[in-house]
Amino acid sequence: MINGAIIGLGKMGLSHASIVSAHPDVNLTCVCDTSSLVLDAFKKFSKLKVYTDYQKMIEEEPLDFVVIATPTRFHYAMVKFALDHGLHVFCEKPFTLTTAQGEELVESVNQKKLVNQVGFHNHFIGTFRELKRLLDKRVLGELFHFSGEAYGPVVTKEKGSTWRSNPEEGGGCLFDYASHVINLVQETIGRPEKVLGAVLKSIYSNGVEDAVYSLMRLTSGLTGTLLVNWSDETYRKMSTSITVQGKNGKIICDATEVKIYLKEAVPSENLEKGWTIKYITDFAIPVNFYLRGEEYSAQIDYFVNCIINKAPLEYNTFEQALYTDKVIEMIQEKNKLN
């Protein structure tokens with residue numbers, strides 16, 4: 001058994017607390033938050049130790065890892081403190097507010113050889129893994145375009161300020177929504193090396209954007225679009241999709257299915273000419289505890305397994321998240337030029 005703690009008990013922190021506490025190889029020993037209301041509930045309904053000071057918790061408790069699920073502006077200091085105390089770290093996305101902070105943390109975690117992961121959960125959705133596998137098999141032949149999209153109803157009217165409306169706290173559609181799509185494109189299709197155009201558009205918010213539209217080129221030379229809008233009330237929740245077009249057809253992928261259209265069959269993959277649809281039921285990653293989607297438990301299972309077995313990380317490393325932050329900075333800089 002390894003010992004873990006949660007820092008930050010908002011929506012994601014509470015989800016992580018449930019998943020970690022149910023893990024058969026983990027002893028969730030303590031939690032930390034600044035809300036007395038939340039901590040009182042933990043005192044009343046659990047046996048966990050509660051803290052308001054994360055530094056005190058880390059210094060006093062015999063921990064192996066921490067999960068950090070606070071607003072982005074706190075990530076750098078909290079991750080750094082945890083690493084300096086020899087702890088493995090799972091940090092929610094986006095990684096940091098500046099690439100300089102991220103580069104320091106990547107260097108630190110590499111020197112200390114600690115397990116590090118950032119919560120870009122789409123990589124633990126089986127359909128997106130299948131998309132990457134099919135692209136690696138080159139079923140579409142030479143690629144000529146991609147599109148990464150996400151829509152949802154986060155901000156659908158003018159309203160008061162929260163951390164989501166403060167760019168200094170990691171608010172805004174670019175950090176909160178588009179980062180998921182950027183990271184998915186980056187690790188599934190290829191890394192963006194240049195942002196050719198970018199528009200950050202406010203619809204209802206003051207001070208941050210509600211939509212992100214960008215044209216980018218990958219290191220392979222492939223170009224494509226990023227289309228993200230968190231003010232779209234035609235969606236019940238965040239909906240993310242990737243479309244890739246090649247000379248032999250195209251693939252449209254989201255969290256529920258992979259739709260493949262081929263001009264010519266690919267027998268080695270049992271793919272016929274025309275349309276083939278594959279569903280998440282064929283690719284879902286098995287987990288012991290299901291909450292909000294198997295991907296949330298699967299990413300924690302992966303993190304814990306890497307700690308226990310000293311296994312190298314393939315998914316969602318600090319370095320990968322840092323690259324996503326670099327693309328975010330490129331989009332911000334391109335938007336300023338408009």
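Quick one: if you stick a label point 7 Å off each Cα along the C-beta vector at N27 and F45, how many nm between them?
Modelled inter-label distance: 2.5 nm.
Over 25 Å between Cα atoms: which of K80/K334; K132/K273; K159/K201; K49/K80 fall into that group?
Working: K80/K334 30 Å; K132/K273 20 Å; K159/K201 17 Å; K49/K80 23 Å.
Result: K80/K334 exceed 25 Å.
Please list, in chain and number order, the residues 5+ apart from N3 or on another chain whose amide H is under 5 Å from its amide H, with Hs placed from the backbone.
N27, D64, F65
Which of E319, E187 comes first, and how do the rest follow, when ranked by fewest Cβ neighbours within 10 Å?
Fewest to most other Cβ atoms nearby, the residues stand as E319, E187.
Less than 16 Å from a label point 7 Å out along the Cα-to-Cβ axis of K194: which backbone N atoms in the range 215-244 qualify, by residue?
Answer for this model: 215-225.
Between S18 and T223, what's the calculated FRET efficiency when r is the beta-carbon distance and R0 is 51 Å? Round to 0.05.
Details: r = 41 Å, r/R0 = 0.81.
Working from the Cβ atoms, E equals 0.80.
Shape call for the range 1-150 from the C-alpha gyration tensor, a ≥ b ≥ c root eigenvalues: rounded (a/c under 1.5), prolate (a/b greater than b/c) or oblate? Don't skip to the end; give the middle numbers.
Values: a/c = 2.15, a/b = 1.74, b/c = 1.24.
Verdict is prolate for the range 1-150.
Averaged over all directions, how much area does the convex hull of the C-alpha atoms of the chain cover when projected, in nm²? Display every interim value, and only then the final one.
On the way: hull surface 70.4 nm².
For the chain, averaging the hull's shadow over all directions gives 17.6 nm².
Among the aspartates and glutamates, select those whose C-alpha is under 13 Å from the C-alpha of K56, and discard any that sit fewer than 8 residues away in the same chain.
D33
Would you be so kind as to identify all helices of the chain, as entire DSSP H runs, whose Cα atoms reach 20 Å or more along the helix's own axis and whose mean Kyte-Doolittle hydropathy is at least -0.5?
Numbers: long enough: 294-309 (22 Å, 0.03); 318-336 (27 Å, -0.77).
Within the chain the helices that satisfy the rule are 294-309.
A 18 angstrom limit on the alpha carbon distance is what I want to check against. Which of K194/K259; K113/K310; K137/K259; K11/K310 exceed it?
Numbers: K194/K259 29 Å; K113/K310 10 Å; K137/K259 16 Å; K11/K310 30 Å.
With Cα atoms farther than 18 Å apart: K194/K259; K11/K310.
Nearest 500 deg cm²/dmol is fine: what mean residue ellipticity at 222 nm does the chain get from its DSSP H runs of n ≥ 4 alone, each adding -39,500 (n - 2.57), divided by its residue count?
Numbers: 9 runs with 109 residues, N = 338.
Computed ellipticity for the chain at 222 nm equals -10000 deg cm²/dmol.
Where does each of H85, H75 land when they are ranked from fewest to most other beta-carbon atoms within 10 angstrom? Walk me through the numbers before you get to the answer.
Values: H85 12, H75 27.
Going from sparsest to densest Cβ surroundings: H85, H75.
Modelling each spin label as a point 7 Å along the Cα-to-Cβ direction, I'd like the E60/R138 distance in nm, to one decimal.
6.0 nm
Indicate the gyration tensor shape class of the range 33-77 (rounded, prolate or oblate), computed on the Cα atoms with a ≥ b ≥ c the square roots of the eigenvalues: a/c under 1.5 is rounded; otherwise a/b larger than b/c is prolate and the rest oblate. Please list the in-between numbers first.
On the way: a/c = 2.12, a/b = 1.29, b/c = 1.64.
It comes out oblate by the Cα gyration axes.
Cβ neighbours within 10 Å, averaged per peptide: list 6-14, 271-279, 87-95 in order, most packed at the top. Walk me through the numbers before you get to the answer.
Numbers: 6-14: 21.2, 271-279: 14.0, 87-95: 24.9.
Highest to lowest by the protection proxy: 87-95, 6-14, 271-279.
All of the numbers you see were taken from the coordinates with simple rules; none came from a lab. Quick caveat, the model's predicted, so the values are computed rather than measured. All Cβ positions, glycine included, derive from the backbone under ideal geometry; neighbour counts span all protein chains shown.
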